[in-house]
1. Can you tell me which residues in the range 330-354 are closer than 18 Å to THR319 by Cβ and either free of Cβ contacts under 8 Å to residues at least 60 places away in the same chain or among the aliphatic types (A, V, I, L, M) (or both)?
2. Within the range 214-224, can one find any residue that is buried (at least 20 other Cβ atoms within 10 Å of the Cβ) and either closer than 12 Å to ARG256 by Cα or not assigned by TED's automatic domain parsing to the domain that holds GLU167 (or both)?
3. Can you tell me which residue is nearest to the chain's Cα centre (by Cα) among those in the range 285-324 that are within 11 Å of TYR273 (Cα to Cα) and of a type in the set (Ser, Thr, Tyr)?
4. Can you give me the number of residues within the range 70-102 that are among the aliphatic types (A, V, I, L, M) and within 30 Å of THR173 (Cα to Cα)?
5. I'd like to know if the range 307-323 contains one or more residues that are among the β-branched types (Val, Ile, Thr) and buried (at least 22 other Cβ atoms within 10 Å of the Cβ).
Amino acid sequence: MLTGAPATAPAALSESGAALAGPFSPVITVDGRAITEYELSQRIRFLTLLRTPGDPAEEARTTLINERLYELAAQRAKITVTDEELRTGMEEFAGRANLALPQFLQAIGSGGISEETFRAFVRAGLLWRNVVRARFGPRAAQVDERDISNLINLAPSSAGARVLLSELVLPATPETAAQSQALAERLQREIKSEVAFARAAREFSVSPTAGRGGKLEWIPLANLPPALAPVILSLSPGQVSPPVPVTNAIVLFQLRALDEVDGGLPKGVKVDYAVLSVAGTDPAQAQAAVMQVARSADTCNDLYGLVKGRPGMKLVRETRAMSQVPNDIGIQLARLDADESSVALTRDGGRTRTLVMLCERIVSEADDARKTEVRGALVNRRLGTLAENYLAELRAQAIIVEK
């Protein structure tokens, strides 16, 4: 009996020590910086809660490795994140879900995710943003006025250039905003082809175009909302735009082709348009009512007689500069010619169905605000490209050991 005791005691102690050390033992090291089993499991839970597509375990490993590289780059550049910046970043992220920070922390806490996990996630993103701005901001900001002019005037014709786009629309209700934002950012990073975009649109998009992979017909560039046109023009064919927030939704666009022969960026556009909203407890009945009006209206003027005396229908007609039109309506108007309508837009989580009808489109001259939008789009595109290349360089130079 006694002869066995010395042999069993060390084994028991060893097993106990391994159990205690397990969650905090490193599973990955990046240039000597450890990523623990606990951090990995927490990140997997967090990404699962955000409904990030793909394998949460694989994505967690990738993002944590990237974040260690962000930290190393920030340390070398002596860049930090202040407590105020961190707090603001956490509040902004929570705000994407239409939640105050305490409510958001309570929500993720109920899913087993610690505040420190969320804090580290936001801090790493802010560090990288500050690194990219400090390292590349001055270079990216050196936008030649000729580049801006080339985008504003791709060709002399007033007819305008055309773009061939695909769209992917994600719902952004208070319950889904944070998940949709995270999903949009993930898809924007990962999609590298038209086939991949079409596959993602079929899987995730809530737009009627989802069945055809999000593909839209040719759209005159002049028809796009002013804030969206420079974003689209900053893309190369096959590239995916940053997430575009609209009412109750987040949209990704992929540029499939650009026809520059017949025109250029809009000089400024005003639109005369009508929006018919039909609210009801039965979305199917509301949609049927909207469809019936759409089939019967040949012009905007017809709408007045078609909705008169019908409860639950609200018709608004106005003339605005495209820069003042809500993005979700502007995206619908971009596809329409005069007296054409769209019934694709919904609001209030699908409870309100809408008809958007273009009455007239009026082209005006370009202004300084447009130049500022184009400059911003060019700077953001350059920063994005430089950041991707720098991260790839950091990864190639790092010693990464995965267990």
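The values are calculated or read from the model by the stated rules, or taken from the named source; none is laboratory data. Quick caveat, the model's predicted, so the values are computed rather than measured. Every residue, glycine as well, gets a Cβ built from its backbone with ideal geometry; the counts of neighbours run over all protein chains shown.
1. GLN332, LEU333, ALA334, LEU336, ASP337, ALA338, ASP339, GLU340, SER341
2. Of all residues in the range 214-224, those buried (at least 20 other Cβ atoms within 10 Å of the Cβ) come to 214, 220-224.
Checking the rest, the ones that are also either closer than 12 Å to ARG256 by Cα or not assigned by TED's automatic domain parsing to the domain that holds GLU167 (or both) come to 214.
So far as the range 214-224 goes, yes, one or more of its residues are buried (at least 20 other Cβ atoms within 10 Å of the Cβ) and either closer than 12 Å to ARG256 by Cα or not assigned by TED's automatic domain parsing to the domain that holds GLU167 (or both).
3. The selected residue is THR319.
4. Here is the first cut: in the range 70-102, the residues among the aliphatic types (A, V, I, L, M) are 72-74, 77, 79, 81, 86, 90, 94, 97, 99-101.
Of the ones still in play, those that are also within 30 Å of THR173 (Cα to Cα) are 86, 90, 94, 97, 99-101.
The qualifying residues number 7.
5. Within the range 307-323, the subset among the β-branched types (Val, Ile, Thr) is 307, 316, 319.
So of that shortlist, the ones also buried (at least 22 other Cβ atoms within 10 Å of the Cβ) come out as none.
Scanning the range 307-323, I find no residue that is among the β-branched types (Val, Ile, Thr) and buried (at least 22 other Cβ atoms within 10 Å of the Cβ), so the answer is no.
For every residue, the table says whether it meets (1) modelled with pLDDT under 90; (2) over 22 Å from the mean Cα position of the chain (by Cα); (3) not assigned by TED's automatic domain parsing to the domain that holds ASN380.
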| position | (1), (2), (3) |
| --- | --- |
| LYS78 | no, yes, yes |
| ALA94 | yes, no, yes |
| ALA97 | yes, no, yes |
| PRO102 | no, yes, yes |
| ILE108 | no, no, yes |
| GLY112 | no, yes, yes |
| PHE118 | no, no, yes |
| PHE121 | no, no, yes |
| LEU126 | no, no, yes |
